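K.L.:
The structure follows.
What follows draws every value from the coordinates through simple rules; no lab data is involved. If you're wondering where the values come from, they're calculated on a predicted model, not measured in any experiment. Don't worry about glycine lacking a Cβ; one is built from the backbone with ideal geometry, like all the others, and counts go over all protein chains shown.
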Amino acid sequence: MKTRVLLVDDHGLFLAGVRAELGDSVEVVGEAGTVADAVPLIKELDPDVVLLDVHLPDGSGDAIINAVAAERPGVKFLALSVSDAAEDVIAVIRAGARGYVTKTIAADELAAAIERVAHGDAVFSPRLAGFVLDAFRAGETVASDAELNELTPREREVLQLIARGYMYKEIAARLHLSVKTIESHVSSVLRKLQLSTRHELTRWATEHRLV
Amino acid sequence: MRLRSFRTSADGRALAGVCAGIAEALSVDVSLVRLIFALLALAGGAGIVLYLALWAWSRAQGTWWAVLLLLVAGALLLSAVGLSHRAVGGIVLVAAGLTLAWRQGGSFRAEAPLSYAGMALAGIGAIVLLAQGSAPSRLLAPGAVAGALLLIAGPWLWRLALERDAERATRIRTEERADVAGRVHDSVLQTLALIQRHASEPRRVASLARRQERELRGWLYADRPLGDDGSSLVAALSTAAADVEELHGVRVEIASAGDAPPDNALLLAAREAMTNAAKFAGVEEIDVYVEASEHETAVFVRDRGVGFDVATAPEGRQGIRESIKGRLERAGGTAVVTSVPGEGTEVELRLPR
């Protein structure tokens, strides 16, 4: 069965492009251009994955996640953005999105990312990986929840390779691990990113723009 | 002005609704207005004439006989207050003149001869007032003249000020639009024209679009200058990447963790690695990752292209040996090139801090 995808973006031209690029690899069940339109549509259609623009005319992507997540816990969100302040990207991830990719991503990679997110794994663009490494930089020791606030050496290694532009299966081959293991490392990083109390996360995000 | 839109009121009227209308227009109690009119009616019948005049005015606003009635009412009123006939005559003349001038567009610019006639009339009225001789009128007269001038010129000045404000707002808007139009013309429209002319060359089109995107971003997000300000390795690398993108029609994605001051050897070596990837790998996208820690700065340049056998690299690949390895080693760093035919190439540059 094909993954059922809902597109949320206010740029019609871009929506049409994504739809064409994805072709038959997924089933696009609907489109929305605003937060107000997207929320009821997601509740109605219950898609597997929502491809979410970070900036919408009437709010940001995290507003949709916050409005929907409790009622439709099965829906996965993948953030897709063209130009964005880091704080918005982080807001979307912390609200519960399972990944973030840029709009320049190649069509096949986007399809792969959607599949990955549909299966509950995480997807990081190189830029987001760089950001996470920066924000989780060693040095600061936090007494409470150390596990959530530190990356393991292996996670660091995996993120570094993502930042360098490696794909999961290339990373797996290089580290002599299975793709499944790489996926679980990335998911674990995502969890830390969502739950961590490291203040660098918010500070970094307000100081930088991921343009 | 409120009185301009004065209407008799059908609600709660006793006679023609004049009092109720005034009460409505001035938002005061109607009984108060009626009381005033009743008192005025006692003063030589002025109240009655005034009532009729206002009623006529509300029926046929601005007609000469309505104005005339108002003037007569005013004259009766003034006589009732105790002014001499000459004073009343002068004041009525001034009022009539002003009315004439006002009705002709309310400004000096009114070309109609009637407005000059009105001013002349007002002037005569003023002279009559001045020549009248009684002490209170003498004191009153200069004020009346000044008031008259203000009444004539006021609307004109007011309109002048309004026009100037509107003009200025329009000018600012026009200037802003011209600024945006200028930028769009110099950049976006030019690029679109170029794209149309090179529609059959996808690489060129992509590189044009990419450059335009970068420029537009730089302009829109001016708070975070994309240009190289000389203090950041990431910024300097972005500039270098932009050059490579433009020259070779590829896309360079830069990710970073941390930043460092720019280092010339590192920068030039990274640029050379990007250029090599763009020229030889046969890919559209190159990934660059910068990682800066307290101990070292590392730059990774990766492509997923054709790759080559590093051991048997042809002599012509001088770029790697000299521009990349030699340069980095002289600066005290290391450069490692890994490549697998068919899988791509990665250049790893490390420089201790």
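K.L.:
Report the charge-dipole magnitude of the range B:233-352 in Debye, nearest 20, computed about the Cα centre from +1 at each Lys and Arg Cβ and -1 at each Asp and Glu Cβ.
P.N.:
Roughly 360 debye for the range B:233-352.
K.L.:
Moving on. Summing -39500 (n - 2.57) over the DSSP H runs of n ≥ 4 in chain A and dividing by its residue number, what mean residue ellipticity at 222 nm do you reach, to the nearest 500 deg cm²/dmol?
P.N.:
Helix contribution divided over all residues of chain A: -15500 deg cm²/dmol.
K.L.:
Now, a different point. Can you give me the angle between helix A:35-45 and the longest principal axis of chain A, using Cα atoms only, in degrees from 0 to 90, rounded to the nearest 10?
P.N.:
80
K.L.:
5 Å is the cut-off here: which amide hydrogens, built 1.01 Å from N in the peptide plane, fall below it relative to B:Glu285, excluding neighbours closer than 5 in sequence?
P.N.:
Residues meeting the criterion, in which the H sits 1.01 Å from N, are B:Arg251.
K.L.:
Take the residue pairs A:Lys43/A:Lys192; A:Lys43/A:Lys169; B:Lys279/B:Lys325; A:Lys180/B:Lys279 and return only those whose Cα atoms are more than 24 Å apart.
P.N.:
Too far apart for the 24 Å limit: A:Lys43/A:Lys192; A:Lys43/A:Lys169; A:Lys180/B:Lys279.
K.L.:
Cut-off 10 angstrom, C-alpha nodes, Gaussian network model of chain A. Which of A:Ala113, A:Ala91, A:Ala36 fluctuates the most?
P.N.:
Most flexible of the set in this elastic network: A:Ala36.
K.L.:
In whole Hz and in residue order, list the ³J(HN,Hα) couplings for the range B:196-213 that follow from phi through the Karplus curve 6.51 cos²θ - 1.76 cosθ + 1.60, θ = phi - 60°; x for Gly and Pro.
P.N.:
5, 6, 10, 4, 8, 10, x, 5, 5, 4, 4, 5, 4, 4, 5, 5, 4, 4
K.L.:
Please give the helix A:107-118 orientation as an angle from the longest Cα principal axis of chain A, in degrees from 0 to 90, rounded to the nearest 10.
P.N.:
80
K.L.:
Compute the long axis of helix A:179-195 from its Cα atoms, compare it with the longest principal axis of the Cα atoms of chain A, and write down the angle in degrees, 0 to 90, nearest 10.
P.N.:
90
K.L.:
Rg to Rh ratio, the range A:1-120, alpha-carbon atoms and Kirkwood radius?
P.N.:
Over the Cα atoms of the range A:1-120, Rg/Rh equals 0.91.
K.L.:
Something else: In terms of the Cα gyration tensor, with a ≥ b ≥ c the square roots of its eigenvalues, is the range B:233-345 rounded because a/c is under 1.5, prolate because a/b exceeds b/c, or oblate?
P.N.:
In terms of gyration-tensor shape, oblate.
K.L.:
Evaluated at 4 °C with a viscosity of 1.567 mPa s, what Stokes-Einstein diffusion coefficient in µm²/s does the range B:239-286 have when Rh comes from the Kirkwood expression over alpha-carbon pairs?
P.N.:
115
K.L.:
Need one number: % antiparallel among DSSP beta bridges in the range A:1-120, to the nearest 5.
P.N.:
10
K.L.:
In the range B:233-352, what % of DSSP beta bridges are antiparallel (nearest 5)?
P.N.:
Rounded to the nearest five, the antiparallel share is 75 percent.
K.L.:
Also, quick follow-up: Once amide H atoms are placed 1.01 Å from N in the peptide plane, what residues at a sequence separation of 5 or more from B:Val340, or on another chain, have their amide H within under 5 Å of its amide H?
P.N.:
Those lying under 5 Å, H to H, from B:Val340 are B:Phe308.
K.L.:
May I ask you to evaluate 6.51 cos²θ - 1.76 cosθ + 1.60, the Karplus curve with θ = phi - 60°, for each residue of the range B:326-332 and list the ³J(HN,Hα) values in order in whole Hz, giving x for glycine and proline?
P.N.:
x, 4, 5, 5, 4, 7, x
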